[in-house]
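Below is one structure, written out as structure tokens; the observations come after it.
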Amino acid sequence: MNTSSISSSSSASASTGGGSNASQIQKQIAALQVKITKEQNSKDDAKTKVQLIEAYQNQIQELEVRLQQTQQAQQQKAQNNDQKTAAAGTGDETSQESLTTEQEVEKKLNEPAPYDQKGEILDATA
């Protein structure tokens, strides 16, 4: 394998399976590890072997970073969903209570006050 093959196989491996699924990334890492093993056992000259293996190792490092980011994002999403679920369980009751309280306040505001502005009791018969 020559140097031009190295760059094309590197970019091909880097661009394949750009999904953010952790299992897909793990599969890509495993495939690159197999490539490293094959290259170590190949009949390529030493310089080509070193270049290819380094390229594969760099790709593995990039994928490991992406894997960690993906796993952290999935954990954060799960935590957010748990918080939303917990809030939804109590939020419905609280919002219903708030609505009832707001309706009662509005109703009282619309009722005629029993006192005038001077604080005297209004005559209901007048």
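Model label sites at GLN72 and ASN58, defined 7 Å from Cα along the beta-carbon direction, differ in position by 2.3 nm.
Ranked highest first by average number of other Cβ atoms within 10 Å, how do 36-49, 70-83 line up?
Numbers: 36-49: 12.7, 70-83: 11.1.
Going from most to least packed, we get 36-49, 70-83.
We did not get these values from a lab; they are worked out from the coordinates using the rules stated. What you are looking at is a predicted structure, and each value in this text was computed from that prediction instead of being measured. Glycine gets a Cβ as well: all are built from the backbone with ideal geometry, and neighbour counts include every protein chain shown.
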